[in-house]
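Enquirer: My structure is below; once you've seen it, I'll send some questions.
The values are calculated or read from the model by the stated rules, or taken from the named source; none is laboratory data. Predicted, not measured: the structure shown is a model, and the values here were computed from it. Ideal geometry is used to build each Cβ from the backbone, glycine not excepted, and the neighbour counts take in all protein chains shown. To get the accessible areas, we keep the full protein, side chains included, count just its heavy atoms, and leave off ligands, DNA and RNA. Shrake-Rupley method; radii C 1.70, N 1.55, O 1.52, S 1.80 Å.
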Amino acid sequence: MSHYQKLLKISTTGKSFYNITAKIEAAVAESGVETGLCTLFLRHTSASLVIQENADPDVLVDLANFMTKLVPESEKYIHDAEGPDDMPAHIRTALTHTSEHIPINRGHLVLGTWQGIYIWEHRQRSHVRELVVHVSG
């Protein structure tokens, strides 16, 4: 079995979804693995990885609106050292994922027709997020 790892640095410009599917597909292609598994790990506690609808952007808007209602920034949290969006970002990450596993077949990710891979930035300000792509097969 072979292994391939790549560290991707993804710049975000604030709270939103960032489609990284093409970057992950490129890393899988670089790996040369035809059949295997792609593991993604986001090295942060205030942003998430999600596999979600990639055709209708309203889905992402509805998800963001739902999360804002579920974990409001207007609450008073004990941990607020980095501002009012800090603790809500940690809670949102705890409710979602920082890793995903996607099968690889014929050198491509086995995603559904309407699936895309996103970094979900939960903070208001810009960040550079580090994503480890590990391909084995």
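Enquirer: Can you pull out every residue in the stretch 26-46 that is of a type outside the set (A, V, I, L, M, F, W, C) and either at pLDDT below 95 or open to solvent by less than 50 Å² (accessible area, probe 1.4 Å) (or both)?
Expert: Within the stretch 26-46, the first condition is being of a type outside the set (A, V, I, L, M, F, W, C), and the residues that meet it are 30-32, 34-36, 39, 43-46.
Within the stretch 26-46, Ser31, Gly36, Thr39, His44, Ser46 meet the criteria.
Enquirer: Of all residues in the stretch 31-83, which are of a type in the set (Asp, Glu) and closer than 20 Å to Tyr118 by Cα? Quick ask: steps written out before the conclusion?
Expert: At the first step, the residues of the stretch 31-83 found to be of a type in the set (Asp, Glu) are 34, 53, 56, 58, 62, 73, 75, 80, 82.
Of everything in the stretch 31-83, those that are of a type in the set (Asp, Glu) and closer than 20 Å to Tyr118 by Cα turn out to be Glu53, Asp56, Asp58, Asp62.
Enquirer: Regarding the stretch 112-130, can at least one residue be identified that is of a type in the set (Lys, Arg), touching a helix residue (DSSP H, G or I) at 6+ places or on another chain (Cβ under 7 Å) and touching a residue at least 60 places away in the same chain (Cβ under 8 Å)? Walk me through how you get there before you give the answer.
Expert: Of the stretch 112-130, the ones of a type in the set (Lys, Arg) are 123, 125, 129.
From the residues that got through so far, the ones that are touching a helix residue (DSSP H, G or I) at 6+ places or on another chain (Cβ under 7 Å) too are 123.
Then keep just the ones that are touching a residue at least 60 places away in the same chain (Cβ under 8 Å); that gives 123.
Checked the stretch 112-130: at least one residue is of a type in the set (Lys, Arg), touching a helix residue (DSSP H, G or I) at 6+ places or on another chain (Cβ under 7 Å) and touching a residue at least 60 places away in the same chain (Cβ under 8 Å).
Enquirer: Something else about it: Just checking, does the stretch 81-95 include any residue being under 30 Å from Ala29 (Cα atoms) and at pLDDT 95 or above? Steps first, please.
Expert: Residues of the stretch 81-95 that are under 30 Å from Ala29 (Cα atoms), as a first pass: 93.
Still in the list and also at pLDDT 95 or above: 93.
Within the stretch 81-95, one or more residues are under 30 Å from Ala29 (Cα atoms) and at pLDDT 95 or above.
Enquirer: Just give me the residues in the stretch 108-137 being open to solvent by less than 40 Å² (accessible area, probe 1.4 Å) and under 18 Å from Ser31 (Cβ atoms), in sequence order. Walk me through how you get there before you give the answer.
Expert: Of all residues in the stretch 108-137, those open to solvent by less than 40 Å² (accessible area, probe 1.4 Å) come to 109, 112, 116-123, 127, 129, 131-133, 135-137.
Within the stretch 108-137, Leu109, Ile117, Leu131, Val132, Val133, Val135, Ser136, Gly137 meet the criteria.
Enquirer: How do the strands (runs of 3 or more DSSP E) wholly within the stretch 30-137 filter down when requiring 2 or more residues that are over 21 Å from Gln5 (Cα atoms): which remain? Lay out the reasoning, then the answer.
Expert: Values: elements: 35-42, 47-53, 99-105, 115-121, 127-136.
Passing ranges, in order: 47-53, 115-121.
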